[in-house]
Amino acid sequence: MKTIKFLTVLVSIFVFNACVIHDNDIETEVDLVYTDTITILAADFVAEDEYVSVAEYGWNNLDEYMVDEGLVLGYLRFEGTTAWQALPFAIPFENDFVNLRYFFDVDNFSLVAEGEIPDNNQENVELFHGDVLRIIAIPPSQIVSGKGIDYSNYEQVAEIYGLEK
(Lines give C-alpha, C1' and ligand atoms only; values in the text may rest on other atoms or scores of the structure.)
Protein backbone atom coordinates (compact mmCIF):
# COMPACT_ATOMS: atom_id res chain seq x y z
CA MET A 1 0.00 0.00 0.00
CA LYS A 2 2.87 2.39 0.81
CA THR A 3 4.39 1.65 -2.59
CA ILE A 4 1.18 2.68 -4.36
CA LYS A 5 0.98 5.93 -2.35
CA PHE A 6 4.64 6.64 -3.09
CA LEU A 7 4.12 6.02 -6.82
CA THR A 8 0.99 8.22 -6.81
CA VAL A 9 2.91 11.08 -5.18
CA LEU A 10 5.85 10.59 -7.52
CA VAL A 11 3.63 10.63 -10.61
CA SER A 12 1.78 13.71 -9.30
CA ILE A 13 5.05 15.58 -8.83
CA PHE A 14 6.21 14.61 -12.33
CA VAL A 15 2.92 15.70 -13.94
CA PHE A 16 2.92 18.99 -12.00
CA ASN A 17 6.52 19.79 -13.01
CA ALA A 18 6.27 18.59 -16.62
CA CYS A 19 4.92 21.93 -17.87
CA VAL A 20 5.22 25.12 -15.85
CA ILE A 21 4.27 28.65 -16.78
CA HIS A 22 6.53 31.00 -14.87
CA ASP A 23 4.57 33.68 -13.04
CA ASN A 24 6.79 35.79 -10.83
CA ASP A 25 4.28 38.58 -10.04
CA ILE A 26 6.64 41.25 -11.33
CA GLU A 27 4.84 44.04 -13.17
CA THR A 28 6.09 44.82 -16.66
CA GLU A 29 4.64 46.81 -19.53
CA VAL A 30 4.82 43.83 -21.91
CA ASP A 31 1.94 41.45 -21.33
CA LEU A 32 1.75 39.61 -24.64
CA VAL A 33 4.12 37.63 -26.78
CA TYR A 34 5.60 39.96 -29.43
CA THR A 35 6.23 38.69 -32.93
CA ASP A 36 7.32 40.36 -36.12
CA THR A 37 8.17 39.15 -39.61
CA ILE A 38 10.75 40.96 -41.75
CA THR A 39 11.81 40.31 -45.33
CA ILE A 40 15.60 40.47 -45.32
CA LEU A 41 17.27 42.61 -47.98
CA ALA A 42 20.98 42.52 -48.73
CA ALA A 43 20.88 46.34 -48.54
CA ASP A 44 19.86 46.07 -44.84
CA PHE A 45 23.39 44.95 -43.93
CA VAL A 46 26.35 47.21 -43.17
CA ALA A 47 29.86 45.75 -43.17
CA GLU A 48 31.41 45.98 -39.70
CA ASP A 49 34.77 44.54 -40.77
CA GLU A 50 36.01 42.22 -43.51
CA TYR A 51 34.12 39.23 -42.04
CA VAL A 52 30.98 40.60 -40.36
CA SER A 53 27.93 42.47 -41.68
CA VAL A 54 25.06 43.62 -39.46
CA ALA A 55 21.43 44.52 -40.24
CA GLU A 56 19.62 46.44 -37.51
CA TYR A 57 15.86 46.29 -37.12
CA GLY A 58 14.40 48.61 -34.50
CA TRP A 59 11.60 47.92 -32.10
CA ASN A 60 10.27 49.92 -29.18
CA ASN A 61 7.92 47.67 -27.26
CA LEU A 62 10.40 45.86 -24.96
CA ASP A 63 11.55 47.04 -21.57
CA GLU A 64 14.78 46.21 -19.75
CA TYR A 65 13.13 43.49 -17.65
CA MET A 66 11.79 41.78 -20.79
CA VAL A 67 15.22 41.87 -22.44
CA ASP A 68 17.02 40.63 -19.32
CA GLU A 69 14.54 38.00 -18.12
CA GLY A 70 12.35 37.16 -21.12
CA LEU A 71 13.06 34.99 -24.12
CA VAL A 72 13.86 36.45 -27.55
CA LEU A 73 14.03 34.03 -30.47
CA GLY A 74 14.88 34.38 -34.14
CA TYR A 75 13.94 32.10 -37.03
CA LEU A 76 14.79 32.16 -40.73
CA ARG A 77 12.67 30.94 -43.64
CA PHE A 78 14.47 30.72 -46.96
CA GLU A 79 12.67 32.32 -49.89
CA GLY A 80 10.41 29.82 -51.61
CA THR A 81 10.29 27.40 -48.66
CA THR A 82 7.86 26.87 -45.78
CA ALA A 83 10.25 25.54 -43.10
CA TRP A 84 11.58 27.79 -40.33
CA GLN A 85 15.22 27.41 -39.21
CA ALA A 86 16.18 28.52 -35.69
CA LEU A 87 18.93 31.10 -35.37
CA PRO A 88 21.86 30.92 -35.03
CA PHE A 89 22.18 29.15 -38.35
CA ALA A 90 25.28 28.12 -40.31
CA ILE A 91 25.39 27.36 -44.01
CA PRO A 92 28.21 26.44 -46.41
CA PHE A 93 28.25 28.86 -49.32
CA GLU A 94 30.51 28.45 -52.34
CA ASN A 95 34.02 28.81 -50.89
CA ASP A 96 32.82 30.27 -47.56
CA PHE A 97 31.00 29.13 -44.44
CA VAL A 98 28.43 31.71 -43.28
CA ASN A 99 26.98 32.01 -39.79
CA LEU A 100 23.75 33.94 -39.27
CA ARG A 101 23.15 34.94 -35.66
CA TYR A 102 21.48 37.76 -33.75
CA PHE A 103 21.71 39.99 -30.73
CA PHE A 104 19.22 42.44 -29.24
CA ASP A 105 18.59 45.10 -26.65
CA VAL A 106 15.62 47.22 -25.60
CA ASP A 107 15.28 49.12 -28.88
CA ASN A 108 17.05 47.02 -31.50
CA PHE A 109 17.25 43.53 -33.00
CA SER A 110 20.46 42.97 -34.98
CA LEU A 111 20.98 40.22 -37.52
CA VAL A 112 24.65 39.31 -38.00
CA ALA A 113 26.11 37.55 -41.08
CA GLU A 114 29.64 36.33 -40.50
CA GLY A 115 31.82 34.54 -43.04
CA GLU A 116 35.23 32.92 -42.84
CA ILE A 117 36.68 34.47 -46.01
CA PRO A 118 37.79 38.12 -45.70
CA ASP A 119 35.99 40.74 -47.82
CA ASN A 120 33.24 38.31 -48.85
CA ASN A 121 30.57 40.35 -47.05
CA GLN A 122 28.41 41.30 -50.04
CA GLU A 123 28.24 37.74 -51.34
CA ASN A 124 27.40 36.46 -47.86
CA VAL A 125 24.49 38.86 -47.28
CA GLU A 126 23.15 38.23 -50.80
CA LEU A 127 22.67 34.63 -49.67
CA PHE A 128 19.83 35.83 -47.36
CA HIS A 129 18.29 38.45 -49.69
CA GLY A 130 14.54 37.81 -49.91
CA ASP A 131 14.47 35.37 -46.99
CA VAL A 132 12.12 35.97 -44.07
CA LEU A 133 13.16 36.69 -40.49
CA ARG A 134 10.68 35.95 -37.71
CA ILE A 135 11.35 37.47 -34.29
CA ILE A 136 9.52 36.32 -31.17
CA ALA A 137 9.83 37.94 -27.74
CA ILE A 138 8.23 36.11 -24.82
CA PRO A 139 7.76 37.95 -21.51
CA PRO A 140 9.10 36.15 -18.41
CA SER A 141 5.57 35.65 -17.08
CA GLN A 142 4.59 33.76 -20.25
CA ILE A 143 7.60 31.44 -20.63
CA VAL A 144 6.52 27.82 -20.77
CA SER A 145 9.11 25.26 -19.78
CA GLY A 146 9.06 21.53 -19.47
CA LYS A 147 10.38 18.32 -20.84
CA GLY A 148 9.92 17.99 -24.56
CA ILE A 149 9.60 21.71 -25.33
CA ASP A 150 12.05 22.63 -28.07
CA TYR A 151 12.38 26.37 -28.65
CA SER A 152 14.44 25.71 -31.79
CA ASN A 153 11.30 24.19 -33.36
CA TYR A 154 9.20 27.08 -34.65
CA GLU A 155 6.14 24.89 -35.24
CA GLN A 156 6.11 23.85 -31.59
CA VAL A 157 6.68 27.41 -30.35
CA ALA A 158 3.88 28.68 -32.62
CA GLU A 159 1.50 26.08 -31.25
CA ILE A 160 2.36 26.75 -27.59
CA TYR A 161 1.98 30.53 -27.94
CA GLY A 162 -0.81 30.61 -30.51
CA LEU A 163 1.32 32.24 -33.24
CA GLU A 164 0.85 32.23 -36.99
CA LYS A 165 2.30 29.12 -38.63
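The values are calculated or read from the model by the stated rules, or taken from the named source; none is laboratory data. Every value quoted in this text rests on a predicted model; they were computed, and no experiment measured them. Methodologically, a virtual Cβ is constructed for each residue, glycine included, from the backbone with ideal geometry; neighbour enumeration extends over all protein chains shown. Just the protein is used for accessible areas: all its heavy atoms, side chains included, with ligands, DNA and RNA removed. Shrake-Rupley method; radii C 1.70, N 1.55, O 1.52, S 1.80 Å.
Which value results for Rg/Rh of region 59-98 when Rg is the Cα radius of gyration and Rh the Kirkwood radius based on the inverse mean 1/r? My calculation puts Rg/Rh at 1.15. In order along region 97-107, the Karplus-derived 3J(HN,Hα) couplings, from 6.51 cos²θ - 1.76 cosθ + 1.60 at θ = phi - 60°, round to 10, 10, 9, 10, 9, 8, 9, 8, 9, 4, 10 Hz, and Gly and Pro are given as x.
Database remark: amide H of ILE143 closer than 5 angstrom to the amide H of HIS22 (H placed geometrically; neighbours at sequence offset of 5 or more, or on other chains; Pro and chain starts carry no H). Across all directions, the average flat footprint of the convex hull enclosing the Cα atoms of region 112-165 is 5.7 nm². Rolling a 1.4 Å probe over the protein heavy atoms leaves ILE38 with an accessible area of roughly 30 Å².
Applying 1/(1 + (r/R0)^6) with R0 = 22 Å to the Cβ-Cβ distance of VAL132 and GLU94 gives a FRET efficiency near 0.45.
Distance between the 7 Å Cα→Cβ label points at GLU123 and GLU48: 2.2 nm.
Amide H contacts under 5 Å for LEU41: GLY130, restricted to partners 5 or more places along the chain or on a different chain, H placed in the peptide plane at 1.01 Å from N. Once Rg and the Kirkwood radius are both taken over the C-alpha atoms of region 22-122, their ratio Rg/Rh works out to 1.03. Taking GluC sites (Glu not before Pro) across region 108-140, the ones in a DSSP loop with at most 16 further Cβ atoms lying within 10 angstrom of their Cβ are GLU116.
Once backbone amide H atoms are built at 1.01 Å from N, TYR102 has VAL112 as its partners under 5 Å, excluding neighbours fewer than 5 places away on the same chain.
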